[in-house]
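The values are calculated or read from the model by the stated rules, or taken from the named source; none is laboratory data. On a predicted model such as this, the values are computed, not experimentally measured, just so you know. With ideal geometry, Cβ positions are generated from the backbone for all residues, glycine too; neighbour counts draw on all protein chains shown.
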């Protein structure tokens, strides 16, 4: 992480809401926890925050295949429970709810009737390694990561773009655990969290549709690494770090200008800006908490 003239400002959070006891599953074994938490049971593991136009917040619960809607007053309602591991979730301008599912690929959720259907489950008859997160461009193209269990030992994670005409482009094929991703405000650059590389990569998008001169935008440290990303209109990048308990705020040049500190635990996995651009919500997954911070305090 790059600090220039002065240490980054520390911004505090508060708990907006936490998964209600009625929805938690303490002591319940899950295959997801077996693979990702050393077999330790988890009662939930929330990610994928996204706001709809009415101000409701959508979140996923990975190990139990659940998607929830949280109202502006903090009330939780379960939309669906299905056979899958939903991870990333984004809401398109037309209201479509798209999900990156580790088991099933890209999915489309219909929240009105509580159903979900496959959108893209394979590439050239080959299953994905395990889709993690997605970002929707203004023209409707879907950028998504295929993370699987990749890492520095196996840097074969991929970043794809699904165009609106159905074409599927592989933009990066050597990623050590590609995770969250976001486009710059002008959509000329794609930023990708590479969790096991403990860094964020910067991928300029070229006129021919590919990428060139991909490089590390910012390095981090810790037992895990960067997870979810989002970016505001000024080009500040918000990086949720899954083991340090912070969301790092990076200026357009990569300098860390602020740290948003979790008040609930160290596992900050994903972030989203509210529709008005005045607050940021953070998923603290180990406690099942949704944290919130005031963006006016971020330089």
For residue 77, work out the one condition from (1) part of a loop (DSSP other than H, G, I, E, B); (2) under 18 Å from residue 116 (Cβ atoms) it doesn't fulfil. (1)
Only one of these conditions is not met by residue 74: (1) on the phi < 0 side of the Ramachandran plot; (2) surrounded by fewer than 21 Cβ atoms within 10 Å (Cβ to Cβ); (3) touching a residue at least 40 places away in the same chain (Cβ under 8 Å). Which number is it? (1)
Run down 133, 154, 186, 165 and say which single residue is without any contact (Cβ under 8 Å) to a residue 40 or more places away in the chain and either under 15 Å from the mean Cα position of the chain (by Cα) or under 18 Å from residue 230 (Cα atoms) (or both). 186
Condition set within 18 Å of residue 9 (Cα to Cα) and modelled with pLDDT under 90, scope the stretch 262-299, selection surrounded by the most Cβ atoms within 10 Å (Cβ to Cβ): answer is 298
Count, please, the residues in the stretch 101-117 that happen to be surrounded by fewer than 13 Cβ atoms within 10 Å (Cβ to Cβ) and either assigned to a strand (DSSP E or B) or at pLDDT 95 or above (or both). 2
Taking the condition surrounded by 14 or more Cβ atoms within 10 Å (Cβ to Cβ) and out of contact with any helix residue (DSSP H, G or I) (no Cβ under 9 Å at 6 or more places or on another chain), does residue 11 pass? no
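What residue, among those in the stretch 198-213 that are on the phi > 0 side of the Ramachandran plot and either without any contact (Cβ under 8 Å) to a residue 24 or more places away in the chain or crowded, with 17+ Cβ neighbours inside 10 Å (or both), is farthest from the chain's Cα centre (by Cα)?
Checked the stretch 198-213; the qualifying residue farthest from the chain's Cα centre (by Cα) is 213.
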In the stretch 86-100, is there at least one residue being over 12 Å from the mean Cα position of the chain (by Cα), modelled with pLDDT of 95 or more, surrounded by 15 or more Cβ atoms within 10 Å (Cβ to Cβ) and farther than 20 Å from residue 51 by Cβ? no
Among the residues of the stretch 43-56, write down those that are more than 11 Å from residue 66 (Cβ to Cβ), touching a residue at least 24 places away in the same chain (Cβ under 8 Å) and part of a loop (DSSP other than H, G, I, E, B). 43, 52, 53, 55
With 216, 236 as the choices, which residue is farther than 27 Å from residue 119 by Cα, surrounded by fewer than 22 Cβ atoms within 10 Å (Cβ to Cβ), touching a helix residue (DSSP H, G or I) at 6+ places or on another chain (Cβ under 9 Å) and at pLDDT 95 or above? 216
Could you grab me the full set of residues in the stretch 118-136 that are outside any strand (DSSP E or B) and either at pLDDT below 95 or surrounded by fewer than 19 Cβ atoms within 10 Å (Cβ to Cβ) (or both)? 121, 124, 125, 129
Number of the exception - residue 226 against (1) surrounded by fewer than 18 Cβ atoms within 10 Å (Cβ to Cβ); (2) touching a helix residue (DSSP H, G or I) at 6+ places or on another chain (Cβ under 8 Å); (3) farther than 21 Å from residue 69 by Cβ; (4) free of Cβ contacts under 8 Å to residues at least 60 places away in the same chain: (1)
